[in-house]
Amino acid sequence: MMALIMTMKNKPQAVMMSFQKEYAERYDWLVTLFKDWAFTFMSSFLYYQDFDMLDDMQKQLYRQGMATFGGIAPTYHIELLERPTIVWDFHSLLLGVQMMFSFMLTDEKSSLKVCKHCGKAFVASRPNSVFCSGKCKNRYNVYKSRAKDKDNTN
């Protein structure tokens, strides 16, 4: 443990604490945090999916909800490795995860998607994936087929 402390002595205290054997976070705090992240993800997804159907007040409400997310900026510095490289200095694991989540959320080529059938978030294995699993895809097609048959009957 002493070697770890010596290695991390120039790092923020939160980084050192995360390596301690007894380190833990409150479960209820983590649940709240993950719910906030889910709200942020779904808000950004629904905002663009329903953009044409939203009135100006609803759009503004979505924007305000997104504006409350984050706000804590990490620091960074540039190191001269094989080429100039940005090195982020996160004071906590939470901030690191939040920053990566923000990058995924704003990246046009992100693998973070919402299932077309069940509405759950998933990491897509292919860029054109729209379903979280083969099971969801089959269910979606069955419901779609039944709806089509019902319309043809009437």
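Values quoted throughout were computed directly from the atomic coordinates according to the rules given, and no laboratory measurement underlies them. Just so it is clear, the structure is predicted and the values come from calculations on it, not from any experiment. Cβ sites come from the backbone with ideal geometry, for glycine too, and all protein chains shown count toward neighbours.
Tell me the Kirkwood hydrodynamic radius of the range 29-154 in angstroms, computed as one over the mean inverse distance between distinct C-alpha pairs.
Roughly 17.7 Å, rounded to one decimal.
Give, in nm to one decimal, the length gained when the segment between Met66 and Ala124 is fully stretched (0.36 nm per residue of separation minus the Cα-Cα distance).
My answer for the length gained is 18.5 nm.
With each pseudo-label sitting 7 Å past Cα toward Cβ, what's the Asp55-Val87 distance in nm, one decimal?
With each label placed 7 Å out from Cα toward Cβ, I get 5.4 nm.
Can you find, among His91, Ser129, Phe101, the residue farthest towards the positive end of the dipole of the range 83-130? Put +1 on the C-beta of Lys and Arg, -1 on that of Asp and Glu.
Value: Ser129.
Quick one: which of 116-128, 31-43 comes out on top by average Cβ neighbours within 10 Å, and what's the full order, highest first? Present the calculation step by step, with values, prior to reporting the outcome.
Working: 116-128: 12.0, 31-43: 13.7.
Descending mean neighbour count gives 31-43, 116-128.
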